[in-house]
Every structure is written in structure tokens, then in C-alpha cells.
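Report on the following structure.
Please treat every number below as a calculation from the coordinates, not as lab data. Remember, it's a predicted structure, so these values are computed and weren't measured experimentally. So basically every Cβ, Gly included, is an ideal-geometry build from the backbone, and we count neighbours across all protein chains shown.
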Amino acid sequence: MEEEIISIPSEKINYRHSFKLFYRFVKKYLKDLIRIFFLFLISNIIRLISPILIKTLIDKAIANRDMNYFLYIMFFYFSLNLSFFILSYYALLNLIKIGQRIIYELKNDLYLKVIKLPVDYFVKNNPGKLSARIQSDTSSVYELFTEISITIVMDIFIFIGVFGIMMYNSLTLSLLLIPIVLFMFVIAYFYVAKTQKFFIDVRKKIADLTSFLSENIGFINLIKVFKIKNTLEE
């Protein structure tokens, strides 16, 4: 009687479960992450103030030929941009450090789970592919954690801030743009829903390619020793 082989079921991204799992690694760094978030928030408030200063510079200082006011605005503008650079650099540096620690713990946890799996599991599923998949997926999580998530949150904040400034200056024009903004959100939602399957397929193919290169190039001397080139080609 043939032994039952464990196989991987068809994948579907469960966002709630994924965030719940990831939160287990993030919670110990939550205070540091909140501090970093506020640093990014302050730096983006500075980004919103800078165009207003340029507007003031053109409309008042240059229009009135007021050199003292011009120099005052320019000094304030460059001070704000320097503050923006320092805050962004410090926040990003700390975010990268925390991200590296979280991914290190996540990889350790995943490899421990893989090691404890039954031998039958590795009959059906290539160990090289599993290792490549862990490496690929954790790298994607790292990019999401250190770059994409902060970029998305800060872009949303900038968008709200810019829209608020637009409403203050021209309420009619801002109201005309609301349907376009809603349409963009609907398109983004359907795009994410429809491309989820392709995203999973790409991850699988990258894992297949990485494992193939790892096994056939990294262990090429071993293949030559055991003379199993023809067997592998078959």
C-alpha cells in the first residue's frame, strides 16, 4: 500500500491571517515603530509646508521686492528641508534595522517549522524549492515592511494634506476632483483582486528558478562526482 504523500494545497492569500502572523514578530518593536511613524509624519508635514513657503516667496517677497522678507523665507525654507532630510534619514535607518531583526526572526521560525516536517513531505516537495521560497517570500516581506508600507502610508497622508490645501484654496475645483479620486480607488481595488493569482504564480516560478540554479550550479561538483547529469536531464 502506497504511503500518503503530503502536498501543498492551492494557495490563496489570507490577508487577515498573514497580518496576524506578522504581528507576532512586530509587537515587541511596536513602540519603536510608532516613534518612527511619527518621525515620518513630521517629515511629511514639512514636505507640505515647503510649497506654501515657495508660494509666499513669489506672491509677497518677490512681488513686493522685500529683500529682508525674501531672505527670511529662504532661510526658513532651507532649514525645513534640512530638517526633513535629517528626520527621514534617521527614521529610515531605524526602520531598516528593525526590519532586519524581524525578518531574521521570521526566517528562523520558518526554517524551524520546515525542519520539523515529516520526511514524506520532502518526497513530494523539493527542499531546494522550499528554501528558495522562504528566501524569496521573506525578502518580499522585508521590502513591504521597510519601503512599500511606509511609502503607502505617507503618500496617503500627503494626498489628504494636498487635498485639504486644495479645498482651502478652491473648494469648487476640489469637489470636481472627488469622482476621479473615487474612480482611482475602485480601479486599484479591482487591480489588486485580479492580480493576486498572478502574484502567487510569479512567486512560485521565482522559487522554481532559484532552486534549479541553486541545485544545478551551486552543487555542480557534486553532480560530476556522482555522474548523475543524465539522470537530472531526464
In region 26-233, taking the dipole from +1 charges on Lys and Arg beta carbons and -1 charges on Asp and Glu beta carbons about the Cα centre, the listed residue (PHE40, TYR90, ASN126) farthest towards the positive end is ASN126
Extend 7 Å from the Cα of ARG203 along its Cα-to-C-beta direction; within region 138-157, residues with backbone N under 18 Å of that point are 138-149
